Amino acid sequence: MAKTSVSRVESVPVRPITRYSPFDSVPRDIRLLDAKAETLGIKPDLVGRVKAAARLGPLRTAADLAALGLPLADVRRLANAFLFTDDLRVAIGDVQPSQGRIMSDRPFRLKVSFASATRCTGLLSVLVEWAGEPFTVERTLSAKEMAKGNAYVSFSGKQTLPVGPATFHVSLSTDRGARAEFRVTCAVLPSNPFSLSVSPRDNFVTGSFSARAVRQGSSFVTAITVTLSNGNSTPVGMRNDFSWEFWDGPVGSGTRVENGTGSFGGSITVPAFGTWSGWIAFTSPSGAGIFNKLNDKEDLAVRITMTRTNGSSVSGEITVRTMFRFGLNITRVGAEGFSSSDYTKLYQAVDVTRTIYERRDVTFDVDRRNLSNAQAGGFTVITSESEARDLFEQWSGPDNNFIDVFVVHSISGTGFDGLAGDIPGPTSHAGRSSGVVVDKSGLNVPYLGMLIGHEVGHYLGLSHVSDAGNLMLSSSSATDTNLNYDPQYRTIIRHGWVRID
Amino acid sequence: MARKKHSEPVRPKRPSTLVGRKTVPAVIKEREELERLLRVHDPEMAEVTRSRIKPAQLPLVRRIALDHASEGGGMVARKHAIALLGSLGAIEDLNLLSDLARFDAEPAIRAEALTGLGRSGVAMAVPTLLEAIGSSDMLEAAAASKALYILARKVGIAAVRAHLDKGSSKGKRLATAVLDKMASPAAGRSVKRSESRRDPVTLR
């Protein structure tokens, strides 16, 4: 009889617990550009020129620097890294937990470091994304606190977090009309003090409910990530093997469908106040118990158990289910303008989009495509809706029943940053409505992932809504990614290009 | 076939701690509202935004345009603030758009400001466009080329040509090519459908 097997395992590079997501903001040391400023990051002779000018009088704008004969690249670097005299802008340099870590079910504080060049008061706001509903903590800052350059935001006993990733979106607004933003993700560590959690493969979006079983030929493949979290001051040695069980119904109260063992290989040590992650892929061939359940569209639960070298075990579980699916032709428009780093970020954004849909049990396949600069011509920068529709008309396809997603370098001068051909979009690759186009958005991964998801949502039949946090808000940020069951999920699965295995 | 589901876990909640809106400075509340209007995605909503922003709010729109390169939705608010200023074409915003086009650290913002200069319909913007059209940054050069086209459609090809001597020889050559193409008899819009290429395996 066919059986499920562990087809692949891999350990994941360890990430710092206070910079847990690759999409977090990069800390910056932002200061006033005056005669005392050090380490300007430009050629020594130009440093002398800037400092001499600053001694003669305050530098107030980037144009003042350009007037000194600095190359444009240096002017841009300095204007971004420093504040000018009387500058109304404000900048957040860093956000970190005040104790260096956040422990589960314990109050904590975040230290926010910032800079402003003018006397002002402020409003500090922190939106928390975690396994539960997002919530916000705000506080005001007096002129004295603003001048100090840092402030703390406290999370009370009613605002503690469970083990797992939590992303903090911090904004600082001033009474001079300026605003700055910063994003940081922390791995919340167990106070108890050790745990194992299971999540969908490569999942950075918090609050995911289930892992996906994907039909590949005559098998189902299920990929999950296992994370060990250590809230203690001593490292924890682990055996590298694990046991797995798939249950029909909740673990322990349904029927065990299949079980087995596997190994990550090598040695595993979970660092003090740190985490370790690895991922596992299971292949269930036709005839296997898991295959039969998934083929009947039945939900399963998988439990993973690992053992410490001291003999005690730890386990975690997650729901596994098949999903409705569609396809996206992701087409880079003006391919030569995407560096290899840009390419990586684009597909990280597509993974964010996939996670948004998988949280609502819909997934998609991707065909990676491109238009060269020569093919794209003027379409690399879209300046009107009509031009976007010309792009659909001339380049939609191939005829693979996938939705065309054209990623352009910029949609400029229009006031919009995405467009879907229609609501819902057609099930053909012809005409001026077949496709969606998005601005690459500075390749800010979470934002671009949301934007692609929003425009694809229109193509799949979703209209704008006003529910806070929903993907289909007409005006939104990277954190607005929810899809509801009724009517959104029920609408999506009726589109002619959405199917189930 | 009906899905046999486990019950979906109820997401836990935590209370928010919010500063009472009555105690928040008016300018902060006004900026929150402006950002909400500016962070739109689709064309029909961009129209709504344009109709709702009042002249009295333009100083704050300029403030948004000038802020540091931002995370999350901040970039889109900046871009759309710049697009709005460009569409209004006020002379007092030319310096702001020109400074952003030349000095901002973010290529996407420079591209937006260049397009804004084109949309402003002011031929004085030509030297800034000529400087950018020869840039090694593909986005900047493409945006400058588009902006020159938009500007020439607004003020006439001759009016733009009259300013070409204010740029480098490279800028002048590239700009002349854009204007010559505009001046040639229309070839008619191509509606021939073609197919994109699949990315090579080495890239994936």
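The values are calculated or read from the model by the stated rules, or taken from the named source; none is laboratory data. Fair warning: this is a prediction, and the values are worked out from it, not measured in the lab. Using ideal geometry, Cβ is built from the backbone for each residue, glycine included, and neighbour counts are taken over all protein chains shown.
Numbers for the structure displayed
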read-out: Helices (runs of 4 or more DSSP H) completely within the stretch B:106-173 that count 2 or more residues being on the phi < 0 side of the Ramachandran plot, among the β-branched types (Val, Ile, Thr) and without any contact (Cβ under 8 Å) to a residue 12 or more places away in the chain; value: none
read-out: A:Asp390 under 19 Å from A:Val198 (Cα atoms), of a type in the set (D, E, K, R), outside the structural domain of A:Gly260 (by TED's automatic domain parsing) and surrounded by fewer than 21 Cβ atoms within 10 Å (Cβ to Cβ); value: no
read-out: A:Asp351 part of a helix (DSSP H, G or I) and within 11 Å of chain B (Cβ to nearest Cβ); value: no
read-out: Listing of helices (runs of 4 or more DSSP H) fully contained in the stretch B:33-97 that carry 1 or more residues being in contact with a Ser or Thr (Cβ under 6 Å, 6 or more places away or on another chain) and closer than 15 Å to B:Ser120 by Cβ; value: B:74-88
read-out: Residue match in the stretch A:386-396 (condition: modelled with pLDDT of 95 or more, closer than 19 Å to A:Ser441 by Cα, part of a loop (DSSP other than H, G, I, E, B) and of a type in the set (Gly, Ala, Ser)); value: no
read-out: Total residues in the stretch A:463-501, condition polar (S, T, N, Q), more than 9 Å from chain B (Cβ to nearest Cβ), outside any helix (DSSP H, G or I) and under 23 Å from the mean Cα position of the chain (by Cα); value: 5
read-out: Options A:Arg303, A:Arg325; residue that is more than 30 Å from A:Val236 (Cα to Cα), away from chain B (no Cβ under 12 Å) and assigned to a strand (DSSP E or B); value: A:Arg325
read-out: Options B:Ala81, B:Ala69, B:Ala111, B:Ala105; residue that is at pLDDT 95 or above and within 9 Å of chain A (Cβ to nearest Cβ); value: B:Ala111
read-out: Subset of the stretch A:290-300 (residues that are in a strand (DSSP E or B) and crowded, with 23+ Cβ neighbours inside 10 Å); value: A:Leu300
read-out: Meets criteria (surrounded by 24 or more Cβ atoms within 10 Å (Cβ to Cβ), under 20 Å from A:Thr414 (Cβ atoms) and more than 9 Å from chain A (Cβ to nearest Cβ)) for B:Ala90; value: no
read-out: Tabulated pairs, the stretch A:394-419, first touching a residue at least 60 places away in the same chain (Cβ under 8 Å) and within 9 Å of chain B (Cβ to nearest Cβ), second among the acidic types (Asp, Glu) and buried (at least 24 other Cβ atoms within 10 Å of the Cβ), C-beta under 9 angstrom, 6+ apart or interchain; value: A:Trp395/A:Asp404; A:Gly397/A:Asp404; A:His409/A:Asp439
read-out: Which listed residue is out of contact with any Cys (no Cβ under 8 Å at 6 or more places or on another chain), of a type in the set (Lys, Arg), surrounded by fewer than 13 Cβ atoms within 10 Å (Cβ to Cβ) and more than 9 Å from chain A (Cβ to nearest Cβ), from B:Lys181, B:Lys166; value: B:Lys181
read-out: Subset of the stretch A:390-434 (residues that are under 22 Å from A:Leu473 (Cβ atoms) and of a type outside the set (A, V, I, L, M, F, W, C)); value: A:Thr414, A:Gly415, A:Asp417, A:Gly418, A:Gly421, A:Asp422, A:Pro424, A:Gly425
read-out: Filtered residues of the stretch A:67-97 (kept if away from chain B (no Cβ under 13 Å) and under 20 Å from A:Gly164 (Cβ atoms)); value: A:Gln96, A:Pro97
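Table: residues versus (1) surrounded by fewer than 22 Cβ atoms within 10 Å (Cβ to Cβ); (2) in contact with a strand residue (DSSP E or B) (Cβ under 7 Å, 6 or more places away or on another chain); (3) under 17 Å from A:Gly327 (Cα atoms).
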| site | (1), (2), (3) |
| --- | --- |
| A:Leu443 | yes, no, no |
| A:Tyr447 | no, no, no |
| A:Ile452 | no, yes, yes |
| A:Glu455 | no, yes, yes |
| A:Tyr459 | no, yes, yes |
| A:Val465 | yes, yes, no |
| A:Ala468 | yes, no, no |
| A:Ser476 | no, no, no |
| A:Asp480 | yes, yes, no |
